[in-house]
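Heads up, the thing below is written out as structure tokens.
Each reported figure results from applying straightforward, stated rules to the coordinates on display, with no laboratory input. Since the structure is predicted, the reported quantities are computational estimates derived from the model, not experimental observations. Because the Cβ atoms are built from the backbone with ideal geometry, glycine has one as well, and the counts that use them run over all protein chains shown.
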Amino acid sequence: MLPVFNILIFRALKKAERMKKLKQVYDRIKKLIKTKYRYCNLYVKNLPDNYDDELLKEMFSKYGKIRSAKTVRKELYQSYLGIKRSVKVCGFVCFENAESAKTAKDALNNQPQFTNLPKLFVDYHQNKYDRAEILKLKQIHQIHKGGNKNQEMHNQNMVIKQMQMGGRKYYSKI
């Protein structure tokens, strides 16, 4: 007996249509990955200047299996002294599951890990736009708590105007 094959026939797509479909598939996959690892990815700041990926991974490995660990170093030239030093070392740690990330966050956040440095800051990673939304909403609620009524209305209108100019519209119950 001969094997049976199903043959599918579609019309040829233009390049723009193919690219649009590929972008939709890519965006769908990206969104799935983002939701899967949303509470697995931690942001860490106030690390010493000499910290690297391996030391970061070693610090967090006792809380669970780590998918990836990366440190980011930003350099600053201090022109009046001519000294170059790293000003900010932060890191990102992605765990395999959310429970491990929560355990690490609870254990290490606001803990003095290093001498002569501020306490370690550990929180869930937020992208730039999510962080901006949270800060703006905090500002709106701060304005609502007290202050001059005219100044409050002016500040609130300015915040809403800034949010609308950013491409997104926000409505908050105050």
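Once the Cβ-Cβ distance between V72 and Q113 is put in as r, and R0 is 30 Å, what FRET efficiency do you end up with, to the nearest 0.05? The pair V72/Q113 has a calculated efficiency of 0.95. The length gained on full extension between Y39 and F92, counted as 0.36 nm times the residue separation minus their Cα-Cα distance, comes to 17.8 nm. With K and R counted +1 and D and E -1, the other residues having a Cβ less than 11 Å from that of R38 yield a net charge of +2. The Rg/Rh ratio for segment 36-125, using Cα coordinates for both the radius of gyration and the Kirkwood hydrodynamic radius, is 1.03. Put simply, when 126-134, 10-18, 51-59, 98-106 are sorted by average Cβ atoms within 10 angstrom per residue, most first, you get 98-106, 51-59, 126-134, 10-18.
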